[in-house]
């Protein structure tokens, strides 16, 4: 078998890189955790459509003014100090504020009135609220979704191929998901339901790319005599080179789509698109440099054991 690139030669380097990423991710999660959105923590999101230029200090001052008015009208349990303020909209005309508590519906007209006095009658509000019970349910369902997807993949790959392929595919899958989580933890990007959708999409892509490579490895194994570890290396190298063009073309195609979503898709799916971009790159990397290399090491050890400890004839 001939091949252009020796992918397996530096497999220890790939494992070290992935181990360092995992270490950084664990440290970041321990120190900073994830910036969970209201989908998982409960609270209220308030989008203030201003349709004029503004700055964050103005938003804070006006919310404080609305709080003072609300308390003057007898609404004592009002706290309009937002946990987060960000700018949204195609022309940065929307202020998105997040509160860690549920907003009293009676305070919304007061907020609208205060902002209309400042910016005009075109100001409008869009409020969304998640209570603690629903937040916990959503978090659990998100975890179950990832677990069930992983179990399904293990069963399918084990039946379709063998258990070594299944375990290697799951490790690569977890590598990709954790890489995205690490990036979101370091950059303090908001984790919401769209993030979970992105992770599940990445899982599907990563496994698909990995299975294509595994299928080629299996086909080449049928033609090769694998009595030594070097024979397994040659099969994996040849398989990776034979599927390299397909892997590159696939990832470039989906990256173009994800990039277009990120640039033109609007604020609502910004984090979803970014998670896709990061996960797709990680998925392409893990299929070539992690999943196939793990299978190689595992299968190679078994071949060596059989070579030096042959089974006695029955």
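Residues are listed down the side, and each one gets a yes or a no for (1) touching a strand residue (DSSP E or B) at 6+ places or on another chain (Cβ under 8 Å); (2) crowded, with 16+ Cβ neighbours inside 10 Å:
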site: 12; (1), (2): no, no
site: 17; (1), (2): no, no
site: 28; (1), (2): no, yes
site: 40; (1), (2): yes, yes
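In the set 38, 111, 16, which member is at pLDDT 90 or above and under 26 Å from the mean Cα position of the chain (by Cα)?
Numbers: 38 fails: at pLDDT 90 or above; 111 fails: under 26 Å from the mean Cα position of the chain (by Cα).
One residue alone meets the criteria, 16.
If the requirement is being out of contact with any helix residue (DSSP H, G or I) (no Cβ under 6 Å at 6 or more places or on another chain), buried (at least 19 other Cβ atoms within 10 Å of the Cβ) and not assigned by TED's automatic domain parsing to the domain that holds residue 84, which of these qualifies: 211, 196, 202?
211
If you scan the range 46-84, which residues turn out to be buried (at least 16 other Cβ atoms within 10 Å of the Cβ) and part of a loop (DSSP other than H, G, I, E, B)?
Matches in the range 46-84: 50, 54, 78, 80, 82.
Which numbered condition trips up residue 21, out of (1) without any contact (Cβ under 8 Å) to a residue 60 or more places away in the chain; (2) in the same structural domain as residue 278 (by TED's automatic domain parsing); (3) surrounded by 14 or more Cβ atoms within 10 Å (Cβ to Cβ)?
Failing condition for residue 21: (1).
Residue check: is residue 191 under 30 Å from residue 220 (Cα atoms), surrounded by 14 or more Cβ atoms within 10 Å (Cβ to Cβ) and in contact (Cβ under 8 Å) with a residue 60 or more places away in the chain? Even if it seems obvious, please write down each step before you answer.
Details: under 30 Å from residue 220 (Cα atoms): no; surrounded by 14 or more Cβ atoms within 10 Å (Cβ to Cβ): yes; in contact (Cβ under 8 Å) with a residue 60 or more places away in the chain: yes.
Spelling it out, it is not the case that residue 191 is under 30 Å from residue 220 (Cα atoms), surrounded by 14 or more Cβ atoms within 10 Å (Cβ to Cβ) and in contact (Cβ under 8 Å) with a residue 60 or more places away in the chain.
If a residue has to be surrounded by 14 or more Cβ atoms within 10 Å (Cβ to Cβ), touching a residue at least 40 places away in the same chain (Cβ under 8 Å) and farther than 17 Å from residue 82 by Cα to count, how many in the range 102-135 make the cut?
Qualifying residue count for the region: 6.
Could you pull out the residue among 5, 32 that is assigned by TED's automatic domain parsing to the domain that holds residue 191, touching a residue at least 24 places away in the same chain (Cβ under 8 Å) and in contact with a helix residue (DSSP H, G or I) (Cβ under 7 Å, 6 or more places away or on another chain)?
When all the criteria are applied, what remains is 32.
With respect to residue 247, is the statement that it is surrounded by fewer than 20 Cβ atoms within 10 Å (Cβ to Cβ) and either over 15 Å from residue 296 (Cβ atoms) or in contact (Cβ under 8 Å) with a residue 60 or more places away in the chain (or both) true?
Yes.
Does residue 169 satisfy the condition of being surrounded by 15 or more Cβ atoms within 10 Å (Cβ to Cβ), modelled with pLDDT of 80 or more, assigned by TED's automatic domain parsing to the domain that holds residue 19 and assigned to a helix (DSSP H, G or I)?
So residue 169 fits the description; yes.
The values are calculated or read from the model by the stated rules, or taken from the named source; none is laboratory data. For clarity, every value in this text was computed on a predicted model and none was experimentally measured. Here Cβ is always computed from backbone atoms with ideal geometry, including for glycine, and neighbour counts include all displayed protein chains.
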